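Engineer: One structure, as structure tokens, below. Some questions next.
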């Protein structure tokens with residue numbers, strides 16, 4: 001079954017209570033953060049804590065991702081050495097700017113797997129795009145490895161790199177959002193939007209999530225558990241969307257049986273992009289239990 005990533009919740013790697021209870025918040029994915037949330041003096045203890053919890057806990061179908069430190073630091077190899085000993089789905093790689101960054105991480109994954117006799121073939125990579133150069137190279141990054149399952153936009157560091165003012169309205173990241181969506185769609189991977197950072201602005205969160213969905217993002221990251229329900233709801237197909245998608249697929253199946261090459265539904269031509277979109281909606285609906293998990 002295709003992985004659903006409506007929400008990806010950041011959890012600080014130095015917060016034992018949140019790490020242990022990561023499966024109770026309702027997000028589709030958990031990102032255990034060893035980078036920004038952890039000070040240099042806590043790096044060693046945080047990665048050991050995350051490793052131990054992932055080794056000893058069963059989080060069911062929740063995707064388990066660890067954000068390691070950037071590859072221009074002294075920490076990232078230690079992160080991989082430690083975390084690969086645990087039950088992990090993949091890694092979020094910060095400040096990726098080109099395909100070579102991905103190749104460096106992938107090469108070291110292979111080295112660790114061979115050294116520790118660990119099968120790393122299914123370990124995924126999600127590049128975190130948070131610089132101007134990374135945005136411009138988004139497509140080549142997305143195609144750099146078969147391990148890559150999503151592109152992830154990080155607006156806070158990006159706006160600092162751009163010299164732009166970060167705002168709730170997000171006009172300063174409109175181009176970057178659009179660029180990532182086009183690159184991700186072209187590469188056939190998910191596209192995850194940047195978090196909405198005002199924990200208390202529920203209306204702003206909903207507006208931001210709806211705008212991201214309308215642009216083409218497949219999901220959104222969150223920094224607070226209280227944002228999860230709203231973002232899940234926005235990125236969950238409505239019953240009307242599901243019913244229409246089912247009608248589209250049924251119409252195509254009937255047309256194929258009757259040998260028809262072109263069909264219309266409700267007076268509109270149904271072409272391949274419409275069919276693909278309908279299949280995506282049906283897959284998501286069925287993957288989350290008939291839309292009940294919102």
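The values are calculated or read from the model by the stated rules, or taken from the named source; none is laboratory data. Since the model is a prediction, treat every value here as computed from it, not as a measurement. Cβ sites come from the backbone with ideal geometry, for glycine too, and all protein chains shown count toward neighbours.
Engineer: So which of 125, 118 ends up being at negative phi, exposed (fewer than 15 other Cβ atoms within 10 Å of the Cβ) and either without any contact (Cβ under 8 Å) to a residue 40 or more places away in the chain or not in a helix (DSSP H, G or I) (or both)?
Structural biologist: Values: 125 fails: exposed (fewer than 15 other Cβ atoms within 10 Å of the Cβ).
After ruling out the rest, the residue left standing is 118.
Here's the yes/no breakdown for (1) out of contact with any helix residue (DSSP H, G or I) (no Cβ under 7 Å at 6 or more places or on another chain); (2) at pLDDT 85 or above; (3) outside the structural domain of residue 27 (by TED's automatic domain parsing); (4) surrounded by 19 or more Cβ atoms within 10 Å (Cβ to Cβ):
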site: 186; (1), (2), (3), (4): no, yes, no, no
site: 200; (1), (2), (3), (4): yes, yes, no, no
site: 205; (1), (2), (3), (4): no, yes, no, yes
site: 256; (1), (2), (3), (4): yes, no, yes, no
site: 276; (1), (2), (3), (4): yes, no, yes, no
site: 281; (1), (2), (3), (4): no, yes, yes, yes
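Engineer: Shifting gears a bit: If you go through region 49-68, how many residues are assigned to a helix (DSSP H, G or I) and either modelled with pLDDT of 95 or more or surrounded by 12 or more Cβ atoms within 10 Å (Cβ to Cβ) (or both)?
Structural biologist: First, the residues of region 49-68 that are assigned to a helix (DSSP H, G or I): 49-56.
Then keep just the ones that are either modelled with pLDDT of 95 or more or surrounded by 12 or more Cβ atoms within 10 Å (Cβ to Cβ) (or both); that gives 49-55.
So the answer is 7.
Engineer: Can you spot a residue in region 168-180 that is touching a strand residue (DSSP E or B) at 6+ places or on another chain (Cβ under 6 Å), touching a residue at least 40 places away in the same chain (Cβ under 8 Å) and assigned to a helix (DSSP H, G or I)? Talk me through it step by step, then tell me what you get.
Structural biologist: First, pick out the residues of region 168-180 that are touching a strand residue (DSSP E or B) at 6+ places or on another chain (Cβ under 6 Å): 180.
Filter once more, so that each one left must be touching a residue at least 40 places away in the same chain (Cβ under 8 Å): 180.
Next, from what is left, pick out any that are assigned to a helix (DSSP H, G or I): 180.
Among the residues of region 168-180, at least one is touching a strand residue (DSSP E or B) at 6+ places or on another chain (Cβ under 6 Å), touching a residue at least 40 places away in the same chain (Cβ under 8 Å) and assigned to a helix (DSSP H, G or I), which makes the answer yes.
Engineer: Across region 29-48, which residue is nearest to residue 157 (Cα to Cα) among those that are part of a loop (DSSP other than H, G, I, E, B) and modelled with pLDDT of 95 or more?
Structural biologist: Looking only at region 29-48, we keep the residues that are part of a loop (DSSP other than H, G, I, E, B), and these are 34-39.
Of the ones still in play, those that are also modelled with pLDDT of 95 or more are 34-35, 38-39.
Numbers: 34: 16, 35: 13, 38: 16, 39: 17 Å.
Among them, the one singled out is 35.
Engineer: Then there is this: Hey, could you check region 71-93 for residues that are assigned to a loop (DSSP other than H, G, I, E, B) and touching a helix residue (DSSP H, G or I) at 6+ places or on another chain (Cβ under 8 Å) and say which is farthest from residue 53 (Cα to Cα)? Talk me through it step by step, then tell me what you get.
Structural biologist: Of all residues in region 71-93, those assigned to a loop (DSSP other than H, G, I, E, B) come to 71-75, 84-89.
Remaining after also requiring touching a helix residue (DSSP H, G or I) at 6+ places or on another chain (Cβ under 8 Å): 71, 75, 84-88.
On the way: 71: 24, 75: 20, 84: 13, 85: 11, 86: 8, 87: 9, 88: 11 Å.
That would be 71.
Engineer: Only one of (1) buried (at least 19 other Cβ atoms within 10 Å of the Cβ); (2) more than 18 Å from the chain's Cα centre (by Cα); (3) part of a loop (DSSP other than H, G, I, E, B) fails for residue 109. Which number is that?
Structural biologist: Condition (3) is where residue 109 drops out.
Engineer: Tally the residues that are assigned to a loop (DSSP other than H, G, I, E, B) and within 24 Å of the chain's Cα centre (by Cα), restricting the search to region 235-294.
Structural biologist: Filtering region 235-294 down to residues assigned to a loop (DSSP other than H, G, I, E, B) leaves 236-238, 258-262, 266-267, 271, 288-294.
Those left that are additionally within 24 Å of the chain's Cα centre (by Cα): 236-238, 288-294.
The qualifying residues number 10.
Engineer: Condition test on residue 149, is it under 19 Å from the mean Cα position of the chain (by Cα) and closer than 28 Å to residue 61 by Cα?
Structural biologist: When the stated conditions are applied, residue 149 passes them.
Engineer: Can you name every residue in region 113-142 that is out of contact with any strand residue (DSSP E or B) (no Cβ under 7 Å at 6 or more places or on another chain) and under 22 Å from residue 63 (Cβ atoms)?
Structural biologist: Of all residues in region 113-142, those out of contact with any strand residue (DSSP E or B) (no Cβ under 7 Å at 6 or more places or on another chain) come to 113-122, 130-134, 136-137, 139-140.
113, 118, 119, 120, 121, 122, 130 - these are the residues of region 113-142 that are out of contact with any strand residue (DSSP E or B) (no Cβ under 7 Å at 6 or more places or on another chain) and under 22 Å from residue 63 (Cβ atoms).
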